[in-house]
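The values are calculated or read from the model by the stated rules, or taken from the named source; none is laboratory data. Computed from a predicted structure; not experimentally measured. With ideal geometry, Cβ positions are generated from the backbone for all residues, glycine too; neighbour counts draw on all protein chains shown. Quick note on the areas: whole protein, heavy atoms, side chains included, nothing else; ligands and nucleic acids left out. Shrake-Rupley method; radii C 1.70, N 1.55, O 1.52, S 1.80 Å.
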Amino acid sequence: MQREVNIDGIHLHLSHPHEARGEWIGQREILQQLMACWLVVDERDLPLTPRLVGPPGIGKTALGMAGAKLRNQDLYIYQCTSDTRPEDLLVTPVLAESGKIAYHASPLVTAAIQGGICILDEGNRMNEKSWASLAPLFDQRRYVESIVAGITITAHPDFRCCVTMNQDESTFEIPDYIMSRLQPTLTLGFPERQDELAILQYHLPFAAAEMLALTVDFLQRAHALKLDYSPRDGINMLRYAMKRLAQDSKHPLSKDAAWREALAKCLGDDALDLNSVAQRKSRSLGEANVPLGLGDFFFAADDPLHPDRASEDEDEDDFDDDFDDSDDDEEDDR
C-alpha cells in the first residue's frame, strides 16, 4: 500500500488504515440501507454520505465498519471532538527530524486519496468551523482544499464516507448547509433479544451462560422502558463481572453478587431499580415539554394584543355590567 503521495509538488504522508473489522449482528435492513447509499448506479451518479444516528453504544461505528468489510475497501476512522481544527481534518504540518515541514494527511484525506471508506465518528461533537472545510467534499465537487499545504485534493471515485452522530446533550448543532450534504439519516434501534444475546456472545465468548442471560434480561427491560442502556453497557458489565469472578479462586464471589456489583459499578446504583429510573425520566421529559400558550410569547401582560388581557377585560366588563344591574335592581326596589 502506497504510504506517500505527491500532489502539486507537496509530499503527503498518508495515514494507516484501520485493521479491526467486526461482524454486524442483526438489523440487516439498516446495513442494506447503508450499502445502498454507497452504490453508484450510473456514471453521472454520486455516492451519498449518510448520517448514522442513535444513542451511544448501540453500534453505529460497527455498522460503518461492517459496510467497509462488505465492500472490501480499506477503512479509515476519524474521531471527531470539540477541539478538532480544520487542519486536523485535512493536512497537518509537522516539524520533521530534518528540520523541514512534513505534511501528514488525515484518515479522511487518506481515504479520499486512496479510494477507501472513512467513518467520521461522533461528527456532531465537531464545531461549525471544522465542518465548513468539508462542504465541497460532500457535494458534487468532491474535493477539499488544504490552506496549510496550499493544495486541492480531489477524491478518488471509490471514496465513501459516513458520519456517526450521538443523540445526547453534549453535541454541537450542525448547520443546515452541512446537514443537507449528509443524507439520508439512518437511525439504529436497540437490538431484539436474540440479536442482543448474539452480540454479547460474539464479544464475550468466555462469559457464563447465566451471566449472559441476566444481562440480556436487564437490557431488554431497559429498552422496553425506553432507557438508553446499550449493548456496550452490557459488554462492559459482563467484562467487569467475569474479572471479579476470576479474581480470587479460593474465595470466589457468587455469580449473582458479581453481576449486581458490576451493574452498580458500571451503570450506577440507579440502574438497580429500572422502574424508578424510567419514572424519573418520564417526569423530567414531561416537565420539559409543558405546552406553551399564545400568552407565553408576550413580555408585557398589558400588551393590547395579549390574549389573556382580552379575557381579563371581558371579565371586568362582565363584573361592571353585573354591578350596574345590581344598582338598577336596588333603585327599582325603592
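Using alpha carbons only, how many angstrom separate the centre of the stretch 1-63 from the centre of the stretch 244-281?
With the stretch 1-63 and the stretch 244-281 each reduced to a Cα centre, they are spaced 37 Å.
For the stretch 193-277, how big is the tail of P(r) above 19 Å, as a whole percent of Cα pairs?
33
Report the Cα-based extents of the stretch 212-256 along its three principal axes, largest first, to the nearest Å.
Largest to smallest, the principal-axis extents are 41, 16, 12 Å.
To the nearest 0.05, what FRET efficiency results for residue 44 and residue 167 with a Förster distance of 35 Å applied to their C-beta separation?
The value I calculate is 0.50.
Can you compute the modelled spin-label distance between residue 269 and residue 6, with each label point 7 Å from Cα toward Cβ, in nm?
6.7
Carbon and sulfur: what percent of the stretch 193-277's accessible surface (1.4 Å probe)?
Ligands and nucleic acids excluded, carbon and sulfur reach 50 percent.
With a 1.4 Å probe and every protein chain left in place, work out the accessible area per residue of the stretch 4-187 in Å², rounded to a whole number.
Values: 8760 Å² over 184 residues.
Here the per-residue accessible area is 48 Å².
If you stretched the chain out fully between residue 139 and residue 95, how much longer would it get, using 0.36 nm times the residue separation minus the C-alpha to C-alpha distance?
Stretched fully, the residue 139-residue 95 segment lengthens by 12.5 nm.
Can you give the FRET efficiency for residue 69 and residue 250, using 1/(1 + (r/R0)^6), R0 = 45 Å, r = Cβ-Cβ distance, to the nearest 0.05? If you can, show how the numbers build up before the last one.
Working: r = 44 Å, r/R0 = 0.98.
With R0 = 45 Å, the Cβ-Cβ based efficiency is 0.55.
Calculate the tail of P(r) for the stretch 4-187: the fraction of all Cα-Cα distances greater than 30 Å, expressed in %.
16
Over the stretch 4-187, what is the relative contact order in percent, taking alpha-carbon pairs closer than 8 angstrom and at least six residues apart?
30
When the accessible area of the stretch 4-187 is split by element with a 1.4 Å probe, what percent falls to carbon and sulfur?
50
Output wanted: per-residue J couplings in Hz (rounded whole) for the stretch 70-75, from phi through Karplus 6.51 cos²θ - 1.76 cosθ + 1.60, θ = phi - 60°, x for Gly and Pro.
Result, rounded to whole Hz: 4, 7, 6, 10, 4, 10.
Give the shape of the stretch 115-170 as rounded, prolate or oblate, defined through the alpha-carbon gyration tensor: a ≥ b ≥ c are the square roots of its eigenvalues, a/c under 1.5 means rounded, and otherwise the shape is prolate if a/b is larger than b/c and oblate if not.
It is oblate, given that a/c is not under 1.5 and a/b is not larger than b/c.
Residue 37: accessible area at probe 1.4 Å, nearest 10 Å²?
Here the accessible area works out near 10 Å².
List the pairs from 129/281; 60/243; 69/243; 60/265; 60/129 whose alpha-carbon separation is above 30 Å, in the order I gave them. Write out the running numbers ahead of the final one.
Working: 129/281 34 Å; 60/243 27 Å; 69/243 32 Å; 60/265 25 Å; 60/129 24 Å.
Table pairs above 30 Å Cα-Cα are 129/281; 69/243.
On average, how much accessible surface per residue is there in the stretch 193-277, in Å², for a 1.4 Å probe, leaving out ligands, DNA and RNA?
Value returned for the stretch 193-277: 55 Å² of accessible area per residue.
Which ³J(HN,Hα) values, rounded to whole Hz and listed in residue order, are derived for the stretch 142-149 from phi using the Karplus coefficients 6.51, -1.76 and 1.60 in 6.51 cos²θ - 1.76 cosθ + 1.60 with θ = phi - 60°, glycine and proline given as x?
6, 8, 10, 10, 9, 5, 4, 8
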